[in-house]
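J.: Pasting a structure below so you can have a look.
No value in this document is a laboratory result; all are computed from the given coordinates. If you're wondering where the values come from, they're calculated on a predicted model, not measured in any experiment. As a convention, Cβ positions derive from the backbone with ideal geometry for all residues, glycine included, and neighbour counts pool all protein chains shown.
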Amino acid sequence: MKYPVTEKSGYMIISLTGEVDLNFSPDARQQILKCLKQNKNLLVDLSQVEYIDSSGVASLVEGFQVARQQKQTFALVGVSRAAMQVLQLARLDKVFPIFDSLDDAINHK
Amino acid sequence: MSYINLDDRIHASNIPDIPDLARGFLQLHAHNILDRPALEALQKQYPDFIARMLAVFNSDHFNLTTKVASIEEAIHLAGFERVCRLMLCLVVHRSFSNIRIRGVDQEAFWVDSLRRAVSARMIGELIGLDASLCFTAGFLQDVGFLLLFLLSPNKGMLWTEFRKREPDARYSMERNIFNMNHDQAMELFCQQWNLHDVMAKPVLAHHRCEKYDAPELDKQLCKVLHCADWMAAVYVAVDKNFVINRCRQILAETFEMERFRTEELLAAIPDEITLTASVLGIPVKEHTKFSQVLLEANIKLSEDNLNFQELTLRLEQALDERDRLAAELNKELGLAREIQRSLLPQDMGAGFPLTGINISARDLSGDFYDYFTLPDGRIYFNLGDVSGKGVNAALLMAKTSSLFRCLGKRIDHPGELLAQINIELCETSIHGMFVTMIAGIYDPETGLLKLVNAGNPPALLFSPHGLAREIEAAAPPLGVLEDSKFPEISLSLGDNSLYMFSDGVTEGYTENGQTLGLSGLFKAIATMPEQMTPQQRIANIVKRIRHDDQSPLRDDVTILLLQK
């Protein structure tokens, strides 16, 4: 699956969609890491995510860890209800920076 | 890619002009009048050519009742049509033989044309079509092929490639290379020579017979030419076996020709050529016999058979190899499963406060649980779930449970223990994999319990009256953030039961296809009869999401129950 990537105000925005499970999380991971390799700050839009399993969350965790090492911004944006429940259950909502909208994320600092 | 462009089509200046002799003849033929003075004039103007024609008429081949001394006599005996056709064959051959076309072996081309011509004539005789018409059309049917090379001299090096292909392949290759087929080139030629009234249409259609809408005789001729094309190819194309089979098939389908008859026709081609070529004065260097063709075809066939046998053998070998590797892999997986089982604790039997179960969705599990008693009698326990599934999850599971067992013997505060494991996992984190874990330490003497939940679904504390407390995650999973804090909570177990589980339980499907969910789990636990043993309680929960032993699980399922 190829997830759409856009750019706005110096941020790369990757929009994950549908079911980010064991089948699709490798694609998500690859694209997240590719964006981070370009030394860009990255926002991951989760508004269209219907389901995310632990492998999908692991892709986000890896992105988060890599960004932290490289001192890049990594944040989640517009997290859908389904994704938010998973993050909250695992207390990962306290780990990732999470913003309601792209503008909120971009104007933050 | 360069191809014949429109200018070339219009001027077609490279195409030899129609000789006056032929033009004159065709005009006479068109008016169908025996214009004696005009004939005599032609005879005077082209004495050599006319002598050659008369020699042909007087050969055994034509089998005329008496020898002829003039064209007029020939017309009288053989008919205007036949004379005109013979003239056309000779004139076209002579006109092209006089020019050099780069890359093209004209001698070979005209022998190929003779093969088509004699093949067409033989079929014509068998099906009762005018044999001389068939011969001439067969002789001229592929002149367009010469023209393609004449109009695109830079493609000369492809001549041999073209020649060794069978008719259909050659036809589509023409389109690719010249952007034009030989029948289209032939049409240019017919325009330039004004041949449209003379058998042009069936000739132009011989690759599209099935779509050719014309009077029955023309249709028949078109089919004859199509067959003749394939018969001639038997002697020239590389894949002889294929072409022979195709010939048998086409002739059977088109003219209901029996197989032996087709072979007789094919075998007759060389002798027919030798005879006809000498009559027409066309040089023939190639003398391939049909027996030789069959030999080559058989060699090819046996080579193909050998290749096929080899292919089958290789395929069998590959399948064997696959089975062997699969068996090996299964053996390895079996071993891994065994080792993983050994990482789970023994059932300590009645009286021990902890009971657990771990069922994996695949061969290997990413879930685990463990418990062990410290020297002072307190019991350490944990339940964990590695993100993802399969071998990588199983390896991280092994690492984490080993760290727990090893460090747990020295660190008796579960919060601190998880913090240490977390640092280890963060340092060696790979692919963002993480581990959710509930861990605790329980003192059977006092009933006191210290508990940490790192990213795991809540632990459920049930009193005999129902749900007493949900202990939700107070920290993120292990392996995410190295400086995470893992706060402990303390409580007294008393008569309560503490249910710990991985998300495979709440996300498992119930019999009606819905996920069990937290509320489903609450309900399941709350409605269990009081006298049930811990094992029965766990089995009861599992039964809700696994309806029989064979049904696949959506995710690994792990449950750990703590009660006095």
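J.: Quick check: convex hull over the Cα atoms of segment B:64-212, volume per residue in Å³, rounded to an integer?
T.: Dividing the Cα hull volume of segment B:64-212 by its residues yields 129 Å³.
J.: Answer with one residue from B:Gln420, B:Leu403, B:Gln249: the one whose Cα lies farthest towards the positive end of the charge dipole of chain B, charges on Cβ with Lys, Arg +1 and Asp, Glu -1.
T.: Final value for the positive-end residue is B:Gln249.
J.: From the mean inverse distance of alpha carbon pairs (Kirkwood) and the Cα radius of gyration, derive Rg over Rh for the protein assembly as shown.
T.: Ratio of gyration radius to Kirkwood radius for the protein assembly as shown: 1.36.
J.: Just for the protein assembly as shown, what percent of DSSP beta bridges are antiparallel, to the closest 5?
T.: Working: 51 of 67 bridges.
In the protein assembly as shown, DSSP labels about 75 percent of beta bridges as antiparallel.
J.: Take the Cβ-Cβ distance between B:Gln535 and B:Val238 as r, set R0 to 51 Å, and report the resulting FRET efficiency rounded to the nearest 0.05.
T.: 0.10
J.: Taking R0 as 35 Å, what's the FRET efficiency between B:Leu217 and B:Ala108 from their Cβ-Cβ distance, rounded to 0.05?
T.: Working from the Cβ atoms, E equals 0.65.
J.: What are the radius of gyration and Dmax of segment B:303-343, computed over its Cα atoms and given in Å?
T.: Both quantities, over Cα of segment B:303-343: 17.6, 59 Å.
J.: Whole percent per 10 Å bin, from 0 to the bin with the longest distance: what is P(r) over all C-alpha pairs of segment B:102-288?
T.: 10, 39, 39, 12, 0
J.: Calculate how steeply helix B:182-193 sits against the longest principal axis of the alpha-carbon atoms of chain B, using the helix alpha-carbon long axis, and give the answer as 0 to 90 degrees to the nearest 10.
T.: Orientation of helix B:182-193: about 30 degrees from the principal axis.
J.: Working from the alpha-carbon coordinates of segment B:36-128, get Rg over Rh, Rh being the Kirkwood radius.
T.: Value, to two decimals: 1.02.
J.: Any chance you could give the angle, 0 to 90 degrees and rounded to 10, that helix B:106-127 forms with the longest Cα principal axis of chain B?
T.: 90 degrees
J.: How high is the FRET efficiency from B:Glu511 to B:Asp443, r the C-beta distance, R0 41 Å, rounded to 0.05?
T.: Calculated value: 0.55.
J.: Using the Karplus curve 6.51 cos²θ - 1.76 cosθ + 1.60 with θ = phi - 60°, work out ³J(HN,Hα) for each residue of segment B:495-512 in order, rounded to whole Hz, and write x for Gly and Pro.
T.: Residue by residue, segment B:495-512 yields 8, 7, 10, 10, 9, 10, 7, 8, 5, x, 6, 6, 8, x, 8, 7, 4, 8 Hz.
J.: Roughly how tilted is helix B:390-408, in degrees to the nearest 10 and between 0 and 90, from the longest Cα axis of chain B?
T.: The helix B:390-408 is inclined about 20 degrees to chain B.
J.: If you average over every viewing direction, what projected area does the convex hull of the Cα atoms of chain B give, in nm²?
T.: So the mean shadow area of the Cα hull is 41.5 nm².
J.: Near B:His465, within a Cβ-to-Cβ distance under 12 Å, what is the net charge of the other residues, with Lys and Arg +1 and Asp and Glu -1? Display every interim value, and only then the final one.
T.: Numbers: positive: none; negative: B:Asp495, B:Glu530.
Neighbourhood net charge equals -2.
J.: Please list, in order, the residues from segment A:44-65 whose amide nitrogen is less than 18 Å from a point placed 7 Å along the Cα→Cβ vector of A:Lys8.
T.: Under 18 Å, as judged by backbone N against the label point of A:Lys8, lie A:44-49 of segment A:44-65.
J.: Still on this model: Please give, to one decimal in nm, the separation of the simple spin-label points placed at A:Gln85 and B:Thr254, each 7 Å out from Cα toward the Cβ.
T.: Here the modelled spin labels are 7.2 nm apart.
J.: Between B:Ala41 and A:Tyr51, what is the spin-label point distance in nm, taking each point 7 Å from the Cα along the Cα→C-beta axis?
T.: 9.4 nm
J.: Along the Cα→Cβ direction, 7 angstrom out, place labels at B:Gln309 and A:Arg68. What is the inter-label distance in nm?
T.: Output for this residue pair reads 6.7 nm.
J.: Turning to a different aspect of this structure: Can you compute the radius of gyration and Dmax for segment B:344-563, using only the Cα atoms, both in Å?
T.: Cα-based Rg and Dmax for segment B:344-563 come out at 16.4, 48 Å.
J.: Same structure, new question: In deg cm²/dmol and to the nearest 500, what is the mean residue ellipticity at 222 nm of the protein assembly as shown if only DSSP H runs of at least 4 residues count, each as -39500 (n - 2.57), divided by the residue total?
T.: Mean residue ellipticity at 222 nm (helix-derived): -17000 deg cm²/dmol.
J.: I want the local charge near B:His29. Using Cβ-Cβ distances under 10 Å, sum +1 for each Lys or Arg and -1 for each Asp or Glu among the other residues.
T.: Numbers: positive: B:Arg85; negative: B:Glu81, B:Asp197.
Result for the neighbourhood of B:His29: -1.
J.: Which entries in the list A:Lys8/A:Lys40; A:Lys94/B:Lys523; B:Lys240/B:Lys285; B:Lys223/B:Lys289; B:Lys409/B:Lys450; B:Lys164/B:Lys240 go over 18 Å, if you measure between the two C-alpha atoms of each?
T.: Numbers: A:Lys8/A:Lys40 11 Å; A:Lys94/B:Lys523 30 Å; B:Lys240/B:Lys285 20 Å; B:Lys223/B:Lys289 25 Å; B:Lys409/B:Lys450 16 Å; B:Lys164/B:Lys240 10 Å.
From the list (A:Lys8/A:Lys40; A:Lys94/B:Lys523; B:Lys240/B:Lys285; B:Lys223/B:Lys289; B:Lys409/B:Lys450; B:Lys164/B:Lys240), the Cα-Cα distance tops 18 Å for A:Lys94/B:Lys523; B:Lys240/B:Lys285; B:Lys223/B:Lys289.
J.: Moving to a separate point now. Give me the number: length gained by fully extending B:His61 to B:Lys409, i.e. 0.36 nm times residue separation minus the C-alpha to C-alpha distance, one decimal in nm. Walk me through the numbers before you get to the answer.
T.: Details: separation 348, 0.36 × 348 = 125.28 nm, distance 11.18 nm.
Extending this stretch completely gives an extra 114.1 nm.
J.: Equivalent-ellipsoid semi-axes (√(5λ), Cα gyration tensor) for segment A:5-107, whole Å, largest first?
T.: 19, 15, 13
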